[in-house]
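Presented below is the structure to which this report refers.
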Amino acid sequence: MANKDNTAYVWKDRKRTLFGLPLSFTVFKLTEEKLYIETGLFSKKEEEVRLYRILDLTLKRSLGQRIFGLGTIHCCTADKSTPEFDIKSIKKSRDVKNMISDMVEAQREAKRVSSREFMDDDFDHDNFE
């Protein structure tokens, strides 16, 4: 999927609302390296999270979401500006979560980043026994 700026998106969806319809001004876009969350109608905001910075993914599905085939993916990151965010009310949420998880691991391997690099910087390694 490419758009007008020639960015190849692996996945793109809109936050779903009533009855699972895409009547929202929140758009989620995924490339090989980044996740974008675009919100707003008149005043737009775009957040960007590099995939290798995502630490944890959790799938949440309320009864109403399950009825309409939706789910919300909660993400915890090592990003200072966006430590946590939700990919809210999307279709095929389990498949998307698994795809993001696999892509996170691939990006960590490609950039040679381990989860140890995201540990607390205040930890005193010299005095650890």
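General remarks:
- Separation of the ARG50 and ILE67 label points, Cα + 7 Å toward Cβ, nm: 4.3 nm
- Efficiency of FRET between SER81 and LEU23 - r from beta-carbon atoms, R0 35 angstrom, step 0.05: 0.80
- Largest-first ellipsoid semi-axes for the range 1-100, taking √(5λ) over the Cα gyration tensor eigenvalues, angstrom: 20, 17, 13
- To the nearest 10, the accessible area of PHE68 is 90 Å² with a 1.4 Å probe.
The values are calculated or read from the model by the stated rules, or taken from the named source; none is laboratory data. Computed from a prediction, not measured in an experiment: that's the story for all the values here. Neighbour counts run over all protein chains shown; Cβ positions are idealised from the backbone, glycine included. All accessible areas refer to the heavy atoms of the entire protein, side chains included, with ligands and DNA or RNA removed. Shrake-Rupley method; radii C 1.70, N 1.55, O 1.52, S 1.80 Å.
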